[in-house]
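Beneath this line is the structure, given in structure tokens, with notes to follow.
The values are calculated or read from the model by the stated rules, or taken from the named source; none is laboratory data. Everything numeric here is computed off the predicted structure, so don't read it as measured data. A quick note on method: Cβ atoms are made from the backbone with ideal geometry, for glycine too, and the neighbour counts reach across all protein chains shown. Surface accessibility is based on the protein's heavy atoms, side chains included, excluding ligands, DNA and RNA. Shrake-Rupley method; radii C 1.70, N 1.55, O 1.52, S 1.80 Å.
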6 protein chains.
Amino acid sequence: MGQKLYLTRREKFSAAHRMYVPEWTDEQNLEVFGKCSNPNWHGHDYVLYVTVRGDLSGETGLVINMNVLKEIIREKIIDKVDHRNLNLEVDFMKGMNATTENLAVAIWNELEEALKSAGCELYCVKIEETENNTVEYYGKKDH
Amino acid sequence: MGQKLYLTRREKFSAAHRMYVPEWTDEQNLEVFGKCSNPNWHGHDYVLYVTVRGDLSGETGLVINMNVLKEIIREKIIDKVDHRNLNLEVDFMKGMNATTENLAVAIWNELEEALKSAGCELYCVKIEETENNTVEYYGKKDH
Amino acid sequence: MGQKLYLTRREKFSAAHRMYVPEWTDEQNLEVFGKCSNPNWHGHDYVLYVTVRGDLSGETGLVINMNVLKEIIREKIIDKVDHRNLNLEVDFMKGMNATTENLAVAIWNELEEALKSAGCELYCVKIEETENNTVEYYGKKDH
Amino acid sequence: MGQKLYLTRREKFSAAHRMYVPEWTDEQNLEVFGKCSNPNWHGHDYVLYVTVRGDLSGETGLVINMNVLKEIIREKIIDKVDHRNLNLEVDFMKGMNATTENLAVAIWNELEEALKSAGCELYCVKIEETENNTVEYYGKKDH
Amino acid sequence: MGQKLYLTRREKFSAAHRMYVPEWTDEQNLEVFGKCSNPNWHGHDYVLYVTVRGDLSGETGLVINMNVLKEIIREKIIDKVDHRNLNLEVDFMKGMNATTENLAVAIWNELEEALKSAGCELYCVKIEETENNTVEYYGKKDH
Amino acid sequence: MGQKLYLTRREKFSAAHRMYVPEWTDEQNLEVFGKCSNPNWHGHDYVLYVTVRGDLSGETGLVINMNVLKEIIREKIIDKVDHRNLNLEVDFMKGMNATTENLAVAIWNELEEALKSAGCELYCVKIEETENNTVEYYGKKDH
């Protein structure tokens with residue numbers, strides 16, 4: 001087996017969101033999501049960590065050029081979510097509750113193919129909503 | 001002169017906002033404030049640092065009980081801005097552009113009297129909008 | 001297989017402790033644990049990260065309500081260790097050397113059932129004793 | 001006037017302490033200091049920032065050799081407080097309540113002369129008790 | 001007097017440097033600067049904080065547009081030092097020992113006029129060489 | 001199965017490097033590595049995290065004495081890379097492009113046997129080149 005390495009790129013974005021289930025009454029949403037369901041929105045400085053796995057190239061000493069990784073993340077994700085409203089303006093979040101969990105899965109789905117085309121494998125999407133609350137998603141594989 | 005000490009309490013809050021001047025056209029707002037003027041809002045995990053100055057008590061070894069300081073900040077500020085929309089829902093921001101600069105001055109004005117009543121002097125309000133952008137306000141005094 | 005997500009909640013606590021094996025002489029304890037065996041105690045601002053694993057709910061977009069997770073950790077752990085002496089005052093550390101390793105295993109044991117009852121699976125207990133020293137425990141399962 | 005520069009050295013130490021006024025009853029101490037007065041101690045990873053002010057040397061481009069500054073702080077302070085009990089074991093805290101305020105003033109008094117002998121002027125002692133609570137002391141001068 | 005606010009912009013750059021005085025022998029340089037005088041260079045991820053002071057505009061709620069501040073710092077400083085050798089490649093460090101102190105003064109001198117032209121006043125240049133060592137410069141004024 | 005715990009030690013080092021493949025022309029190196037191939041070097045404050053895995057000792061409550069772990073890392077790695085040029089001065093990087101990926105693998109190879117002799121198993125080498133770019137290596141095992 002070759003030498004697998006894991007590269008993680010950190011990117012940040014600032015967005016507005018609210019958490020609510022449209023089928024529920026306001027009371028139900030408030031009970032489950034509390035102040036996070038505020039209809040006037042609130043927001044976060046989200047921190048996104050994208051980890052890819054790949055083989056070490058003996059020639060370059062790289063797995064993937066970190067600039068390529070950065071550009072894919074910025075084009076596919078950051079440009080669409082930064083200074084945006086996650087509920088109203090992000091195509092890949094349409095019809096979903098704007099939880100960090102749903103966001104992690106949706107970002108995985110946006111990135112998976114593009115990273116494969118760039119020659120490496122998406123391994124983990126991690127999002128820090130605040131410094132106290134973090135979500136990780138490793139795809140459908142066992143972890 | 002006695003021994004002046006400076007105490008700083010850090011509190012965090014998550015809020016939505018947008019930056020815009022209502023008298024301007026959308027084009028003007030976009031030109032000056034860029035993506036920060038997005039009409040669908042965006043948000044931040046703001047970090048607020050409140051610094052007070054006071055004399056050291058020889059008896060207790062305190063300037064002000066940090067729990068008192070915390071409670072004043074939470075009651076006067078955090079409860080009103082956390083998980084809120086700074087433009088729409090915060091009484092002390094009414095009629096102002098929701099810039100971090102205006103927010104720092106407004107928070108100063110909310111806290112100054114309450115802290116004086118608690119026996120110490122407000123010295124500085126510092127807000128980190130993101131880890132790259134910070135605003136400090138020291139009141140109208142010379143600094 | 002469903003979509004497993006990992007949620008991590010960070011909580012902090014400040015505690016006193018010392019490291020020593022009661023059956024050993026003071027010299028042995030000093031030799032193995034150095035200044036950490038100081039009989040007059042020392043202390044840390046411990047940072048606790050609790051990670052749970054669970055299925056994504058299609059309805060709510062949640063794995064577990066982060067507030068529920070926070071409350072379980074506070075009730076079962078933080079209320080018992082914060083501003084406490086880990087050697088003298090914490091029931092679940094009785095009879096154990098107050099190392100971060102033992103603390104991680106003990107916290108796992110305190111949380112495992114309560115989290116299962118709340119509908120998710122404890123995956124990892126991580127403790128930063130200082131920013132340089134960290135311990136992780138994943139239970140008896142293979143990792 | 002020459003070019004004054006400010007150098008800050010960060011050092012960390014882990015210590016136990018409790019807050020209480022010996023002349024008070026247990027009830028009074030508990031009322032004022034809350035869980036911080038726990039007789040079995042608690043502790044923190046304190047972060048100490050020592051700022052000195054001095055003239056820039058045209059020859060070396062230094063104000064003071066940072067290693068000299070580090071050694072003075074370690075010898076005068078860190079070696080005496082790290083992994084110690086601030087109430088029981090630190091000579092320069094004898095007879096004082098172990099508050100962060102008192103600690104900041106006491107550290108100032110320990111360092112002032114030694115730094116003057118090393119050719120620079122102590123400007124500020126800052127202590128982070130936790131990431132939320134910080135105390136600064138600038139000596140008896142106006143700031 | 002108007003309301004003065006202080007804005008701080010953080011920028012990072014990665015650079016190589018060594019500390020040495022060309023007029024000295026290698027032995028003297030080694031004695032004063034230790035491993036920092038390594039002739040094969042070493043490097044840091046420097047963190048630069050530029051603070052400006054200005055009046056709050058009642059119309060915009062800004063002191064200076066943070067993007068303007070960012071662009072001035074990037075053009076005048078970051079583009080010249082990032083991924084560079086501070087001793088060999090930076091015009092404004094020519095003939096100076098590449099200490100953080102000299103760097104802070106030199107960056108001040110590069111920025112002062114440009115910021116004045118942009119309508120605000122440079123107040124402080126702060127550089128973190130490492131998380132333990134920081135230098136601040138406030139110009140020739142009293143602070 | 002016994003109780004496996006994971007201990008992580010953080011150490012920092014400051015080093016110069018450049019990225020380039022000697023067999024390539026300057027143009028090729030510039031195209032692939034950009035400003036990171038600057039022939040005059042640049043540098044970073046690297047953060048190294050070494051994770052070991054081992055059984056919990058019922059007697060001591062330790063997996064490995066953290067001081068032993070620290071000493072092995074300092075002797076084998078930090079003393080050789082801190083304030084050094086990774087391309088020119090580090091024996092275990094000879095003949096390799098000084099990428100963070102190659103560095104992670106090389107550090108693994110330097111530590112693996114020494115840690116086994118000390119009674120625990122190397123589990124992960126993680127290096128933060130900057131706060132945005134991180135590499136992890138888990139050896140040739142599946143992860």
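If only residues of the stretch B:46-59 that are among the hydroxyl-bearing types (Ser, Thr, Tyr) and at pLDDT 95 or above are counted, the one that is surrounded by the most Cβ atoms within 10 Å (Cβ to Cβ) is B:Tyr46. Within the stretch E:24-45, the set of residues being in a loop (DSSP other than H, G, I, E, B), open to solvent by 30 Å² or more (accessible area, probe 1.4 Å) and facing another protein chain (nearest Cβ under 8 Å) comprises E:Asn40, E:Trp41.
Restricting attention to the stretch C:107-123 and to residues that are part of a helix (DSSP H, G or I) and out of contact with any strand residue (DSSP E or B) (no Cβ under 8 Å at 6 or more places or on another chain), the residue that is surrounded by the fewest Cβ atoms within 10 Å (Cβ to Cβ) turns out to be C:Ser117.
Count of the stretch B:35-78 residues, restricted to those that are more than 15 Å from D:Thr134 (Cβ to Cβ) and of a type in the set (A, V, I, L, M), is 5.
Within the stretch E:77-85, is even one residue more than 14 Å from chain F (Cβ to nearest Cβ), within 20 Å of the chain's Cα centre (by Cα) and under 30 Å from B:Met96 (Cβ atoms)? The answer is no, given that none of the residues of the stretch E:77-85 is more than 14 Å from chain F (Cβ to nearest Cβ), within 20 Å of the chain's Cα centre (by Cα) and under 30 Å from B:Met96 (Cβ atoms). Could you check the stretch A:111-132 and list, in sequence order, the residues that are without any contact (Cβ under 8 Å) to a residue 40 or more places away in the chain and either closer than 24 Å to C:Met66 by Cβ or at the interface with another protein chain (Cβ under 10 Å from one of its Cβ atoms) (or both)? Passing the criteria: A:Glu131, A:Asn132. Out of all the residues in the stretch C:37-55, is one or more under 11 Å from the mean Cα position of the chain (by Cα), under 29 Å from A:Leu103 (Cβ atoms) and of a type in the set (Asp, Glu)? No, there is no match, as no residue in the stretch C:37-55 is under 11 Å from the mean Cα position of the chain (by Cα), under 29 Å from A:Leu103 (Cβ atoms) and of a type in the set (Asp, Glu). Can you say whether D:Leu5 is closer than 29 Å to E:Glu131 by Cα and either free of Cβ contacts under 8 Å to residues at least 60 places away in the same chain or open to solvent by 30 Å² or more (accessible area, probe 1.4 Å) (or both), as far as the supplied structure shows? Taking the combined requirement at face value, the residue satisfies it. Being over 25 Å from E:Asn67 (Cβ atoms) and either at pLDDT 95 or above or open to solvent by 20 Å² or more (accessible area, probe 1.4 Å) (or both) is a property that does not hold for B:Glu136.
Only residues that are part of a helix (DSSP H, G or I) and open to solvent by 20 Å² or more (accessible area, probe 1.4 Å) were counted in the stretch C:66-91, giving 12.
Residues considered: C:Val135, C:Val63. Of these, the only one that is in contact with a helix residue (DSSP H, G or I) (Cβ under 9 Å, 6 or more places away or on another chain), assigned to a strand (DSSP E or B), facing another protein chain (nearest Cβ under 7 Å) and touching a residue at least 24 places away in the same chain (Cβ under 8 Å) is C:Val135. Of all residues in the stretch A:112-132, count the ones that are in contact with a helix residue (DSSP H, G or I) (Cβ under 6 Å, 6 or more places away or on another chain), of a type outside the set (Val, Ile, Thr) and at pLDDT 95 or above. Selection size over the stretch A:112-132: 2. Regarding E:Val32, is this residue modelled with pLDDT under 95 and either within 18 Å of E:Asn133 (Cβ to Cβ) or of a type in the set (Val, Ile, Thr) (or both)? For E:Val32, the condition - modelled with pLDDT under 95 and either within 18 Å of E:Asn133 (Cβ to Cβ) or of a type in the set (Val, Ile, Thr) (or both) - is met.
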